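Report on one structure; see the data block that follows.
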Amino acid sequence: MTRAADAITAITLSSVTLPLAVPISDAKVFTGRQRPMTEVVLLFAEITTAQGFEGIGFSYSKRAGGPAQYAHAKEVAGLALGEDPSDIGKLITKLLWAGASVGRSGLAPQALAAIDVALYDLKARRAGLPLAKLLGSHRDAVRTYNTSGGFLNADIGAVTEAAQRSLAAGIGGIKIKVGLPDDREDIRRASAVREHIGDAPLMVDANQQWDRSTALRMGRILSELDLVWIEEPLDAYDHAGHARLTSALDTPIATGEMLASVAEHTELIRHRACDIIQPDAPRIGGITAFLRLMALADEAGLDLAPHFAMEIHLHLAACYPRETWVEHFDWLDPLFEERLETRDGRMIVPDRPGLGITLSEQARAWTTDTVTIGTR
């Protein structure tokens, strides 16, 4: 029997400011380009349909841009009312063109990403399937590594202690930040972590703060630590520089998290500028865009390690044909009733329908603005 077409009756948008327990700093702070991060601003979209189905999605911004995402989503979301929520491609294209005067990369698609993710969550919930199963998963668990304990504001003792806790909790690898003005300190910190964690997987992330000669020299020195990858050694748009490093170093190069569209990632792929591509679904426009990019990355023979937002990326990484990594961050835990399970170095795809997340009372308490477009 054919299911009758449903229709979107309401979209609730909420801006939520999540405070970090401790201000964190990566290399961009130590080079004077950014201030320490004290909060994450999230845009949530909750979609309701005439048949009573619901879906939730989110996007986010760090340091700046959160209010702008919320404002843009409010401007265009009403155009989705009355539409069939299953027509995700059609809907997102419609909303993108509604805001095309501010571009089809960057802030505009990031605002729409919350809606896009909510539509996929709704579709999977209606099917009674985890999102990974709806999309067509290759695995039920994904390799995972922790980043939140490895920032440069923490002394090396705190970093090694956090690494040990992560490994004991079933997380498979550890990533630490590098890119300090003093290269010797980077080497000291990375060496100390390697010694502490033994042969557990280790990654380093320079957050775009090296120049080409420094990246090549540091890459050769750090290769002795048997790294899984070196992340963002150069400016995100220096495709030629990344391509040279990828060819020159045995250690894989990972990058892509700061790129804001599929088109920008396509240039990265065209230049063969990395071994491991690191897209961020909320940053490139949501799951619709991410699925397009996954196909391109697989065709190019790249490995995949999505950035941040593990609640979304776990499902997507499970659908990539090659083995993947998911970044474990505990920052967003207070926003949701559920927790993702880690075991034996992997993050387990939850068996709950959709993304498997429910907003917590704490998320409601941290909501700074909310609006419902349509009637719930």
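When G106 is evaluated against the numbered criteria (1) in the same structural domain as S261 (by TED's automatic domain parsing); (2) closer than 30 Å to P181 by Cβ, which criterion, by number, is the only one it fails? Looking at each condition in turn, G106 falls short on (1). Quickly run through region 339-354 and pick out the residues that are closer than 19 Å to G55 by Cβ, outside any loop (DSSP other than H, G, I, E, B) and under 17 Å from the mean Cα position of the chain (by Cα). Of everything in region 339-354, nothing turns out to be closer than 19 Å to G55 by Cβ, outside any loop (DSSP other than H, G, I, E, B) and under 17 Å from the mean Cα position of the chain (by Cα). Number of residues in region 189-240 that are more than 19 Å from V29 (Cβ to Cβ) and either at pLDDT below 95 or of a type outside the set (A, V, I, L, M, F, W, C) (or both): the value is 18.
The set of residues from region 120-179 being over 22 Å from P233 (Cα atoms) and among the polar types (S, T, N, Q) comprises S137, T160, Q164, S166.
Every residue, every condition in (1) surrounded by fewer than 18 Cβ atoms within 10 Å (Cβ to Cβ); (2) among the small types (G, A, S); (3) under 16 Å from the mean Cα position of the chain (by Cα), yes or no:
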| position | (1), (2), (3) |
| --- | --- |
| G99 | no, yes, no |
| A111 | no, yes, yes |
| A124 | no, yes, no |
| A127 | yes, yes, no |
| G136 | yes, yes, no |
| N153 | yes, no, no |
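Summed over region 57-85, residues that are closer than 17 Å to I284 by Cβ and in contact with a Ser or Thr (Cβ under 7 Å, 6 or more places away or on another chain) total 1.
Among the candidates T38, T93, the residue that is of a type in the set (V, I, T) and within 24 Å of E264 (Cβ to Cβ) is uniquely T93.
Could you please find all residues in region 194-203 being over 14 Å from I171 (Cβ atoms) and in contact with a Ser or Thr (Cβ under 9 Å, 6 or more places away or on another chain)?
E195, H196
Of the residues screened, G32 is not one that is outside the structural domain of D280 (by TED's automatic domain parsing), surrounded by fewer than 17 Cβ atoms within 10 Å (Cβ to Cβ), more than 22 Å from I312 (Cα to Cα) and touching a residue at least 40 places away in the same chain (Cβ under 8 Å). Just to be sure before I move on: is A365 within 17 Å of the chain's Cα centre (by Cα), within 26 Å of K62 (Cβ to Cβ) and of a type in the set (A, V, I, L, M, F, W, C) in the structure I sent? The answer is no for A365.
I'd like to check something: does region 228-236 contain any residue that is among the small types (G, A, S) and out of contact with any strand residue (DSSP E or B) (no Cβ under 7 Å at 6 or more places or on another chain)? No. A Cβ distance below 6 Å, combined with a sequence gap of six or more or placement on separate chains, defines the contacts here; from region 43-54, residues that are within 15 Å of G82 (Cα to Cα) reach residues that are among the charged types (D, E, K, R) and part of a strand (DSSP E or B) in the pairs T48/E54. Residues of region 169-216 that are at negative phi, among the polar types (S, T, N, Q) and buried (at least 20 other Cβ atoms within 10 Å of the Cβ): Q209 alone.
Of the residues that sit in region 1-47 and are of a type in the set (D, E) and over 19 Å from D121 (Cβ atoms), which one is modelled with the highest pLDDT?
E39
For region 324-342, the count of residues that are closer than 18 Å to Q208 by Cβ, in contact with a helix residue (DSSP H, G or I) (Cβ under 8 Å, 6 or more places away or on another chain), buried (at least 23 other Cβ atoms within 10 Å of the Cβ) and in contact (Cβ under 8 Å) with a residue 12 or more places away in the chain is nonzero.
The listed residues are P321, P353, P279, and the only one of them that is in contact with a Phe, Trp or Tyr (Cβ under 9 Å, 6 or more places away or on another chain) and not basic (K, R) turns out to be P279.
The values are calculated or read from the model by the stated rules, or taken from the named source; none is laboratory data. Model, not experiment: these values are computed from the prediction. All Cβ positions, even for glycine, are placed from backbone atoms using ideal geometry, and neighbour counts span all protein chains on display.
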